[in-house]
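The values are calculated or read from the model by the stated rules, or taken from the named source; none is laboratory data. Because the structure is predicted, anything quoted here is derived from the model rather than measured. Please note: Cβ atoms are built from the backbone with ideal geometry, for glycine as well, and neighbour counts cover all protein chains shown. Please note that ligands, DNA and RNA were not included when accessible areas were found on the heavy atoms of the full protein model with its side chains. Shrake-Rupley method; radii C 1.70, N 1.55, O 1.52, S 1.80 Å.
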Amino acid sequence: MLQVPARIGGRPVGADEWIEVRSPFDGAPVARVPALSAEHVAEAVARAGGTDCQRAEVLERAADLLADRTEEFAVTVTREAGTPIVVSRAEAARAVATLRQSAADARKPAGRPVPITEPDQLGMIVRRPVGVVAVLTSHDSPLGAVARRLGPAIAAGCPVVLKPATSTPVSAVRLVDLLVEAGLPADAVAVLTGTGPVAGVPLVSHPVPAVVAFAGSVAAGQRVRAAAVGKRVLCEPDATVPLLAGPGADPGRVVAELLRAGLHGRWVLAHREVHDGVLHLLREAVASLRAGDPLDARTHIGPMISPEATAEAERHLAAARDAGAEVTGGVREGSVLTPAVVAGAPGRPQLSGPVVAVTRFTDLDETIAQVNGAAVRPRAGVFTPDLAAALRSAHALDFDEIQINRNPSGYASNDGLVDALTERRIVMVTP
(Lines give C-alpha, C1' and ligand atoms only; values in the text may rest on other atoms or scores of the structure.)
Protein backbone atom coordinates (compact mmCIF):
# COMPACT_ATOMS: atom_id res chain seq x y z
CA MET A 1 0.00 0.00 0.00
CA LEU A 2 1.25 3.51 -0.83
CA GLN A 3 2.72 5.31 2.19
CA VAL A 4 2.02 9.06 2.28
CA PRO A 5 4.08 10.84 4.96
CA ALA A 6 2.98 13.88 6.88
CA ARG A 7 4.97 17.12 6.47
CA ILE A 8 6.66 19.17 9.19
CA GLY A 9 9.16 21.85 8.25
CA GLY A 10 9.32 20.53 4.72
CA ARG A 11 10.49 17.08 5.72
CA PRO A 12 8.44 13.87 5.48
CA VAL A 13 7.40 12.48 8.85
CA GLY A 14 6.48 8.90 9.66
CA ALA A 15 5.37 7.24 12.88
CA ASP A 16 5.43 3.96 14.76
CA GLU A 17 1.77 3.46 13.92
CA TRP A 18 0.06 4.02 10.58
CA ILE A 19 -3.55 4.63 9.56
CA GLU A 20 -4.91 2.79 6.54
CA VAL A 21 -7.05 4.93 4.24
CA ARG A 22 -9.56 2.80 2.36
CA SER A 23 -12.22 3.46 -0.26
CA PRO A 24 -15.67 3.85 1.32
CA PHE A 25 -17.12 2.12 -1.76
CA ASP A 26 -15.32 -1.21 -1.83
CA GLY A 27 -12.73 -1.04 0.93
CA ALA A 28 -9.84 -0.99 -1.55
CA PRO A 29 -6.62 0.41 -0.05
CA VAL A 30 -5.82 4.01 -0.97
CA ALA A 31 -2.78 4.83 1.17
CA ARG A 32 -1.19 4.61 4.61
CA VAL A 33 -0.55 7.79 6.60
CA PRO A 34 1.27 8.15 9.92
CA ALA A 35 -0.72 8.35 13.14
CA LEU A 36 0.97 11.39 14.64
CA SER A 37 0.90 12.42 18.29
CA ALA A 38 1.00 15.48 20.54
CA GLU A 39 4.80 15.52 20.25
CA HIS A 40 4.51 15.98 16.49
CA VAL A 41 1.97 18.76 17.07
CA ALA A 42 4.39 20.59 19.34
CA GLU A 43 7.18 20.25 16.78
CA ALA A 44 4.98 21.52 13.94
CA VAL A 45 3.80 24.54 15.92
CA ALA A 46 7.34 25.37 17.05
CA ARG A 47 8.60 25.32 13.45
CA ALA A 48 5.64 27.23 11.95
CA GLY A 49 6.80 30.37 10.14
CA GLY A 50 8.46 31.18 6.87
CA THR A 51 5.68 33.21 5.27
CA ASP A 52 8.10 35.85 3.96
CA CYS A 53 7.64 35.15 0.26
CA GLN A 54 5.86 36.51 -2.80
CA ARG A 55 2.54 35.09 -1.63
CA ALA A 56 0.45 36.15 -4.61
CA GLU A 57 2.90 34.64 -7.08
CA VAL A 58 3.10 31.40 -5.08
CA LEU A 59 -0.68 31.08 -5.01
CA GLU A 60 -0.93 31.77 -8.74
CA ARG A 61 1.68 29.12 -9.52
CA ALA A 62 -0.10 26.68 -7.23
CA ALA A 63 -3.37 27.36 -9.05
CA ASP A 64 -1.67 26.69 -12.38
CA LEU A 65 -0.18 23.43 -11.10
CA LEU A 66 -3.50 22.29 -9.69
CA ALA A 67 -5.29 23.18 -12.91
CA ASP A 68 -2.85 20.93 -14.77
CA ARG A 69 -3.45 18.09 -12.30
CA THR A 70 -7.19 18.39 -11.81
CA GLU A 71 -7.88 14.81 -12.84
CA GLU A 72 -5.19 13.40 -10.58
CA PHE A 73 -6.57 15.27 -7.56
CA ALA A 74 -10.16 14.43 -8.48
CA VAL A 75 -9.36 10.71 -8.55
CA THR A 76 -7.65 11.01 -5.16
CA VAL A 77 -10.73 12.69 -3.66
CA THR A 78 -13.03 10.05 -5.16
CA ARG A 79 -10.93 7.15 -3.94
CA GLU A 80 -10.58 8.38 -0.36
CA ALA A 81 -13.98 10.09 0.14
CA GLY A 82 -16.28 8.13 -2.17
CA THR A 83 -17.33 11.34 -3.94
CA PRO A 84 -18.60 10.74 -7.50
CA ILE A 85 -15.82 11.58 -9.94
CA VAL A 86 -17.86 14.26 -11.72
CA VAL A 87 -18.33 16.01 -8.35
CA SER A 88 -14.65 15.60 -7.46
CA ARG A 89 -13.65 17.21 -10.75
CA ALA A 90 -15.84 20.19 -9.92
CA GLU A 91 -14.33 20.32 -6.43
CA ALA A 92 -10.82 20.40 -7.87
CA ALA A 93 -11.81 23.17 -10.28
CA ARG A 94 -13.27 25.21 -7.41
CA ALA A 95 -10.04 24.70 -5.47
CA VAL A 96 -8.18 26.23 -8.41
CA ALA A 97 -10.54 29.21 -8.32
CA THR A 98 -10.03 29.53 -4.55
CA LEU A 99 -6.25 29.72 -4.96
CA ARG A 100 -6.60 32.34 -7.70
CA GLN A 101 -8.93 34.43 -5.53
CA SER A 102 -6.49 34.09 -2.66
CA ALA A 103 -3.71 35.37 -4.94
CA ALA A 104 -5.85 38.41 -5.71
CA ASP A 105 -6.49 38.90 -1.97
CA ALA A 106 -2.75 38.76 -1.30
CA ARG A 107 -2.26 41.72 -3.67
CA LYS A 108 -4.75 43.98 -1.87
CA PRO A 109 -3.27 46.87 0.11
CA ALA A 110 -2.64 46.04 3.75
CA GLY A 111 -4.04 49.37 4.93
CA ARG A 112 -6.27 52.31 4.07
CA PRO A 113 -6.62 55.93 5.18
CA VAL A 114 -9.44 57.01 7.48
CA PRO A 115 -10.89 60.51 7.83
CA ILE A 116 -9.65 62.43 10.87
CA THR A 117 -11.26 65.54 12.33
CA GLU A 118 -7.93 67.01 13.44
CA PRO A 119 -6.38 68.93 10.52
CA ASP A 120 -2.78 68.13 11.49
CA GLN A 121 -3.18 64.38 11.79
CA LEU A 122 -3.19 61.47 9.36
CA GLY A 123 -5.14 58.32 10.22
CA MET A 124 -4.59 54.86 8.79
CA ILE A 125 -6.02 51.42 9.37
CA VAL A 126 -3.35 48.79 8.85
CA ARG A 127 -3.65 45.03 9.11
CA ARG A 128 -1.12 42.40 10.18
CA PRO A 129 -1.26 38.59 10.30
CA VAL A 130 -2.68 37.12 13.51
CA GLY A 131 0.04 34.46 13.71
CA VAL A 132 -0.12 30.68 13.52
CA VAL A 133 -3.46 29.26 12.39
CA ALA A 134 -4.64 25.75 13.28
CA VAL A 135 -6.81 24.28 10.51
CA LEU A 136 -8.97 21.20 10.99
CA THR A 137 -11.18 19.86 8.20
CA SER A 138 -13.69 17.06 7.77
CA HIS A 139 -14.08 14.29 5.19
CA ASP A 140 -16.70 16.36 3.37
CA SER A 141 -15.01 18.10 0.42
CA PRO A 142 -11.51 17.11 1.56
CA LEU A 143 -9.70 19.10 -1.13
CA GLY A 144 -12.00 22.09 -1.37
CA ALA A 145 -12.30 22.61 2.38
CA VAL A 146 -8.51 22.58 2.78
CA ALA A 147 -7.97 24.96 -0.15
CA ARG A 148 -10.60 27.37 1.24
CA ARG A 149 -8.54 27.71 4.40
CA LEU A 150 -4.96 27.41 3.20
CA GLY A 151 -5.42 29.91 0.38
CA PRO A 152 -6.70 32.79 2.55
CA ALA A 153 -4.22 31.98 5.35
CA ILE A 154 -1.29 32.16 2.93
CA ALA A 155 -2.70 35.37 1.44
CA ALA A 156 -2.90 36.88 4.93
CA GLY A 157 0.70 35.84 5.71
CA CYS A 158 -0.19 33.33 8.45
CA PRO A 159 1.70 30.07 9.00
CA VAL A 160 -0.64 27.07 9.12
CA VAL A 161 -0.65 23.76 10.95
CA LEU A 162 -3.21 21.56 9.19
CA LYS A 163 -4.92 18.47 10.60
CA PRO A 164 -7.12 16.94 7.86
CA ALA A 165 -9.83 14.37 8.52
CA THR A 166 -8.50 10.99 9.59
CA SER A 167 -10.39 9.22 6.80
CA THR A 168 -9.46 11.62 3.96
CA PRO A 169 -5.93 13.00 4.47
CA VAL A 170 -4.29 12.14 1.13
CA SER A 171 -5.58 15.03 -1.00
CA ALA A 172 -4.62 17.47 1.78
CA VAL A 173 -1.04 16.19 1.96
CA ARG A 174 -0.74 16.39 -1.82
CA LEU A 175 -2.11 19.94 -1.90
CA VAL A 176 0.51 21.02 0.65
CA ASP A 177 3.21 19.34 -1.44
CA LEU A 178 1.93 21.23 -4.47
CA LEU A 179 2.08 24.58 -2.61
CA VAL A 180 5.69 23.90 -1.61
CA GLU A 181 6.46 22.98 -5.21
CA ALA A 182 4.97 26.34 -6.21
CA GLY A 183 7.47 28.14 -3.98
CA LEU A 184 5.83 28.30 -0.56
CA PRO A 185 8.49 28.07 2.17
CA ALA A 186 8.42 24.61 3.73
CA ASP A 187 7.80 25.95 7.25
CA ALA A 188 4.73 27.93 6.16
CA VAL A 189 2.38 24.91 6.19
CA ALA A 190 2.72 21.69 8.17
CA VAL A 191 0.24 18.86 7.66
CA LEU A 192 -0.37 16.43 10.52
CA THR A 193 -2.16 13.15 9.92
CA GLY A 194 -3.74 11.29 12.78
CA THR A 195 -6.87 10.99 14.85
CA GLY A 196 -8.82 13.81 16.45
CA PRO A 197 -8.18 12.86 20.09
CA VAL A 198 -4.44 12.20 19.63
CA ALA A 199 -3.48 14.94 17.12
CA GLY A 200 -6.47 17.27 16.73
CA VAL A 201 -7.13 18.08 20.38
CA PRO A 202 -3.47 18.87 21.18
CA LEU A 203 -3.35 21.17 18.16
CA VAL A 204 -6.52 23.05 19.11
CA SER A 205 -5.49 23.41 22.75
CA HIS A 206 -1.83 24.33 22.05
CA PRO A 207 -1.12 27.87 23.35
CA VAL A 208 0.58 29.15 20.17
CA PRO A 209 -2.12 29.12 17.44
CA ALA A 210 -4.13 32.33 17.71
CA VAL A 211 -6.97 31.16 15.46
CA VAL A 212 -8.60 27.80 14.88
CA ALA A 213 -10.33 27.37 11.50
CA PHE A 214 -12.62 24.35 11.59
CA ALA A 215 -14.94 22.55 9.19
CA GLY A 216 -16.92 19.50 10.31
CA SER A 217 -19.93 18.28 12.22
CA VAL A 218 -21.79 20.39 14.77
CA ALA A 219 -20.77 18.00 17.56
CA ALA A 220 -17.10 18.14 16.55
CA GLY A 221 -17.33 21.92 16.35
CA GLN A 222 -18.58 22.06 19.92
CA ARG A 223 -15.62 19.96 21.05
CA VAL A 224 -13.24 22.25 19.17
CA ARG A 225 -14.70 25.36 20.83
CA ALA A 226 -14.42 23.74 24.25
CA ALA A 227 -10.74 22.90 23.67
CA ALA A 228 -9.79 26.23 22.02
CA VAL A 229 -9.92 28.29 25.20
CA GLY A 230 -8.94 31.90 24.60
CA LYS A 231 -8.68 31.49 20.84
CA ARG A 232 -10.75 32.81 18.00
CA VAL A 233 -12.63 29.93 16.36
CA LEU A 234 -13.77 30.24 12.73
CA CYS A 235 -16.24 27.40 12.42
CA GLU A 236 -18.05 26.08 9.33
CA PRO A 237 -20.31 23.31 10.62
CA ASP A 238 -21.97 20.67 8.47
CA ALA A 239 -25.48 21.78 9.41
CA THR A 240 -28.85 21.48 7.67
CA VAL A 241 -29.30 24.11 4.96
CA PRO A 242 -32.88 25.45 4.66
CA LEU A 243 -34.11 26.50 1.22
CA LEU A 244 -37.23 28.69 1.24
CA ALA A 245 -39.33 28.51 -1.95
CA GLY A 246 -41.78 31.39 -1.79
CA PRO A 247 -44.92 32.12 -3.80
CA GLY A 248 -44.15 32.24 -7.50
CA ALA A 249 -40.88 30.32 -7.18
CA ASP A 250 -40.04 28.13 -10.17
CA PRO A 251 -40.16 24.47 -8.99
CA GLY A 252 -37.92 23.44 -11.87
CA ARG A 253 -35.24 25.91 -10.79
CA VAL A 254 -35.43 24.80 -7.16
CA VAL A 255 -34.96 21.15 -8.16
CA ALA A 256 -32.19 21.98 -10.65
CA GLU A 257 -30.29 23.83 -7.91
CA LEU A 258 -30.68 20.89 -5.56
CA LEU A 259 -29.16 18.61 -8.16
CA ARG A 260 -26.38 21.09 -8.96
CA ALA A 261 -25.05 21.65 -5.44
CA GLY A 262 -26.18 18.43 -3.78
CA LEU A 263 -29.05 16.99 -1.79
CA HIS A 264 -27.09 16.33 1.39
CA GLY A 265 -28.56 18.14 4.37
CA ARG A 266 -31.06 20.21 2.36
CA TRP A 267 -34.45 21.14 3.82
CA VAL A 268 -36.85 22.66 1.29
CA LEU A 269 -39.62 24.73 2.84
CA ALA A 270 -42.04 25.33 -0.02
CA HIS A 271 -45.03 27.68 0.04
CA ARG A 272 -48.34 25.91 -0.44
CA GLU A 273 -48.65 27.42 -3.95
CA VAL A 274 -45.47 25.68 -5.17
CA HIS A 275 -45.11 22.76 -2.73
CA ASP A 276 -46.73 20.06 -4.86
CA GLY A 277 -44.79 21.07 -7.97
CA VAL A 278 -41.47 21.04 -6.12
CA LEU A 279 -42.18 17.68 -4.50
CA HIS A 280 -43.31 16.05 -7.75
CA LEU A 281 -40.30 17.22 -9.77
CA LEU A 282 -37.91 16.39 -6.97
CA ARG A 283 -39.16 12.82 -6.66
CA GLU A 284 -38.86 12.35 -10.42
CA ALA A 285 -35.34 13.77 -10.46
CA VAL A 286 -34.11 11.75 -7.48
CA ALA A 287 -35.52 8.53 -8.92
CA SER A 288 -33.40 9.09 -12.04
CA LEU A 289 -30.13 9.51 -10.13
CA ARG A 290 -27.66 6.66 -10.43
CA ALA A 291 -26.02 5.37 -7.26
CA GLY A 292 -22.93 3.17 -7.32
CA ASP A 293 -19.22 3.16 -8.14
CA PRO A 294 -17.95 6.74 -7.62
CA LEU A 295 -15.19 6.30 -10.23
CA ASP A 296 -17.85 5.70 -12.89
CA ALA A 297 -18.61 9.02 -14.61
CA ARG A 298 -22.28 7.98 -14.87
CA THR A 299 -22.65 7.84 -11.08
CA HIS A 300 -24.46 10.66 -9.27
CA ILE A 301 -24.47 9.27 -5.72
CA GLY A 302 -21.51 7.48 -4.15
CA PRO A 303 -21.12 5.88 -0.73
CA MET A 304 -21.13 7.72 2.54
CA ILE A 305 -17.81 7.95 4.33
CA SER A 306 -18.35 4.86 6.51
CA PRO A 307 -20.83 2.06 7.29
CA GLU A 308 -21.55 3.83 10.58
CA ALA A 309 -22.54 7.03 8.75
CA THR A 310 -24.80 5.04 6.44
CA ALA A 311 -26.46 3.30 9.39
CA GLU A 312 -27.09 6.68 11.03
CA ALA A 313 -28.77 7.99 7.86
CA GLU A 314 -30.96 4.88 7.79
CA ARG A 315 -31.97 5.48 11.42
CA HIS A 316 -32.98 9.05 10.57
CA LEU A 317 -35.13 7.83 7.67
CA ALA A 318 -36.77 5.20 9.88
CA ALA A 319 -37.53 7.85 12.52
CA ALA A 320 -39.10 10.07 9.85
CA ARG A 321 -41.34 7.21 8.69
CA ASP A 322 -42.37 6.48 12.27
CA ALA A 323 -43.30 10.16 12.70
CA GLY A 324 -45.64 9.99 9.70
CA ALA A 325 -43.42 11.30 6.91
CA GLU A 326 -43.53 9.80 3.43
CA VAL A 327 -40.07 8.61 2.42
CA THR A 328 -39.15 7.93 -1.21
CA GLY A 329 -35.85 6.12 -1.86
CA GLY A 330 -33.26 5.65 0.85
CA VAL A 331 -32.51 2.00 0.10
CA ARG A 332 -29.10 0.51 0.85
CA GLU A 333 -27.46 -1.10 -2.18
CA GLY A 334 -24.17 -2.60 -1.08
CA SER A 335 -22.16 0.23 0.46
CA VAL A 336 -24.34 2.94 -1.11
CA LEU A 337 -27.55 4.49 0.19
CA THR A 338 -29.81 5.59 -2.67
CA PRO A 339 -30.99 9.21 -2.48
CA ALA A 340 -34.18 9.88 -0.57
CA VAL A 341 -36.94 12.48 -0.39
CA VAL A 342 -38.70 12.95 2.95
CA ALA A 343 -42.08 14.67 2.66
CA GLY A 344 -44.28 15.87 5.51
CA ALA A 345 -41.88 15.34 8.40
CA PRO A 346 -43.18 17.16 11.49
CA GLY A 347 -40.97 19.83 13.01
CA ARG A 348 -37.30 20.15 12.10
CA PRO A 349 -36.16 17.05 10.17
CA GLN A 350 -33.00 15.23 11.20
CA LEU A 351 -30.96 14.76 8.03
CA SER A 352 -27.81 12.94 7.01
CA GLY A 353 -26.67 11.35 3.79
CA PRO A 354 -28.13 11.96 0.31
CA VAL A 355 -31.48 13.05 1.74
CA VAL A 356 -33.63 16.12 1.13
CA ALA A 357 -36.71 16.98 3.19
CA VAL A 358 -39.69 18.93 1.83
CA THR A 359 -42.09 20.82 4.11
CA ARG A 360 -45.19 22.84 3.17
CA PHE A 361 -45.64 26.30 4.67
CA THR A 362 -48.24 29.06 4.55
CA ASP A 363 -46.90 31.88 6.69
CA LEU A 364 -43.42 33.11 5.74
CA ASP A 365 -42.72 34.91 9.02
CA GLU A 366 -43.49 31.78 11.04
CA THR A 367 -41.28 29.71 8.75
CA ILE A 368 -38.35 32.11 9.08
CA ALA A 369 -38.72 32.01 12.86
CA GLN A 370 -38.70 28.21 12.69
CA VAL A 371 -35.46 27.96 10.71
CA ASN A 372 -33.86 30.73 12.77
CA GLY A 373 -34.36 28.50 15.80
CA ALA A 374 -31.53 26.18 14.75
CA ALA A 375 -28.53 26.15 17.08
CA VAL A 376 -26.13 26.52 14.12
CA ARG A 377 -27.00 28.59 11.05
CA PRO A 378 -24.22 28.69 8.43
CA ARG A 379 -26.13 29.00 5.14
CA ALA A 380 -29.64 29.38 3.70
CA GLY A 381 -31.26 29.93 0.32
CA VAL A 382 -34.34 31.84 -0.84
CA PHE A 383 -36.15 31.13 -4.12
CA THR A 384 -38.52 33.79 -5.39
CA PRO A 385 -39.01 35.94 -8.52
CA ASP A 386 -39.75 38.94 -6.27
CA LEU A 387 -36.47 40.68 -5.48
CA ALA A 388 -38.02 42.85 -2.78
CA ALA A 389 -39.43 39.77 -1.05
CA ALA A 390 -36.06 38.04 -1.37
CA LEU A 391 -34.26 40.94 0.30
CA ARG A 392 -36.84 41.12 3.09
CA SER A 393 -36.41 37.40 3.71
CA ALA A 394 -32.64 37.68 3.61
CA HIS A 395 -32.77 40.47 6.17
CA ALA A 396 -34.97 38.39 8.49
CA LEU A 397 -32.97 35.15 8.16
CA ASP A 398 -30.29 34.90 10.86
CA PHE A 399 -27.67 33.00 8.83
CA ASP A 400 -24.03 33.64 8.01
CA GLU A 401 -24.55 33.31 4.25
CA ILE A 402 -27.78 33.70 2.28
CA GLN A 403 -28.07 33.10 -1.45
CA ILE A 404 -31.00 34.15 -3.60
CA ASN A 405 -32.33 31.66 -6.18
CA ARG A 406 -29.38 29.39 -5.57
CA ASN A 407 -28.55 26.35 -3.44
CA PRO A 408 -25.66 27.50 -1.21
CA SER A 409 -22.62 25.29 -1.56
CA GLY A 410 -20.15 27.11 0.66
CA TYR A 411 -18.00 28.21 -2.30
CA ALA A 412 -19.45 31.69 -2.72
CA SER A 413 -16.32 33.40 -1.38
CA ASN A 414 -13.14 32.84 0.60
CA ASP A 415 -15.37 32.94 3.69
CA GLY A 416 -13.97 36.34 4.69
CA LEU A 417 -10.97 34.46 6.06
CA VAL A 418 -8.32 36.87 4.79
CA ASP A 419 -9.80 39.68 6.88
CA ALA A 420 -10.48 37.31 9.78
CA LEU A 421 -6.84 36.22 9.83
CA THR A 422 -5.46 39.74 10.13
CA GLU A 423 -5.58 42.06 13.11
CA ARG A 424 -6.74 45.62 12.60
CA ARG A 425 -4.58 48.44 13.95
CA ILE A 426 -5.38 52.16 13.89
CA VAL A 427 -2.33 54.33 13.38
CA MET A 428 -2.48 58.09 14.05
CA VAL A 429 0.31 60.20 12.54
CA THR A 430 1.05 63.75 13.58
CA PRO A 431 3.60 65.47 11.31
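General observations
- Region 249-333 pair-distance distribution - Cα-Cα, 5 Å bins, rounded %: 3, 12, 20, 24, 22, 13, 6, 1, 0
- Residue of V229, V87, V133 that the Gaussian network model of the chain assigns the largest fluctuation, springs spanning Cα pairs under 10 Å: V229
- Average accessible surface area per residue within region 154-206, 1.4 Å rolling probe, Å²: 22 Å²
- For region 1-45, the list of GluC sites (Glu not before Pro) that fall in a loop by DSSP and count at most 13 other C-beta atoms within 10 angstrom reads E17.
- Full-stretch length increase - E284, V233 - with 0.36 nm per residue and alpha-carbon distance subtracted: 14.2 nm
- At the listed q of 0.13, 0.18 Å⁻¹, the Debye profile of region 349-431, built from one uniform point per Cα, gives log10 I(q)/I(0) equal to -0.57, -0.92.
- Signed unit charges on C-beta, dipole axis of the chain, positive-most listed residue A291, A323, A6: A6
- Three-way shape call for region 78-192 based on the alpha-carbon gyration tensor, with the a/c threshold at 1.5: prolate
- The slack between D365 and D296, meaning 0.36 nm per residue of separation minus the straight C-alpha distance, is 20.4 nm.
- Result for the chain in a Gaussian network model with C-alpha springs under 10 Å: among A145, A374, A190, the largest mean-square fluctuation is at A374.
- Residue-averaged 222 nm ellipticity for the chain, from DSSP H runs of 4+ at -39500 (n - 2.57), nearest 500: -11500 deg cm²/dmol
- Simple Cβ-charge dipole of region 4-136, Lys/Arg +1 and Asp/Glu -1, about Cα centre, in debye nearest 20: 300 debye
- Per residue, the solvent-accessible area of region 22-76 (1.4 Å probe, heavy atoms of protein chains only, all protein chains present) comes to 45 Å².
- Shape of the chain, Cα gyration tensor, a/c cut at 1.5: oblate
- Shape category assigned to region 1-67 from the gyration tensor of Cα positions, a/c cut at 1.5: oblate
- Accessible surface of the chain [probe 1.4 Å, protein heavy atoms]: carbon and sulfur percent: 52 percent
- GNM on the chain, alpha-carbon springs under 10 angstrom: the most fluctuating residue among P109, P294, P169 is P109.
- Comparing T70, G82, T51 along the charge dipole axis of region 49-94, the residue lying farthest to the positive side is G82, per the Cβ-charge model.
- Each Lys and Arg Cβ is given +1 and each Asp and Glu Cβ -1; about its Cα centre, the chain then shows a dipole of about 500 debye.
- Linear extension gain, R112 paired with A311, 0.36 nm per residue minus alpha-carbon span: 66.3 nm
- Charge dipole of region 193-326 about the Cα centre (unit charges at C-beta), most positive-ward option of G221, P303, T240: G221
- Evaluated with a Cβ-only charge set (Lys, Arg +1; Asp, Glu -1), region 256-373 carries a dipole of roughly 140 debye about its Cα centre, given to the nearest 20.
- The relative contact order of region 215-271, computed from alpha carbon pairs under 8 Å that lie at least 6 residues apart in sequence, is 38 percent.
- Inter-part distance where region 331-362 and region 97-131 are each reduced to a Cα centre, Å: 46 Å
- Over the chain, relative contact order from alpha-carbon pairs under 8 Å, at least 6 apart, %: 18 percent
- P(r) tail, region 200-244: Cα-Cα pairs separated by more than 13 Å, 52% of all pairs.
- The relative contact order of region 178-332, computed from alpha carbon pairs under 8 Å that lie at least 6 residues apart in sequence, is 12 percent.
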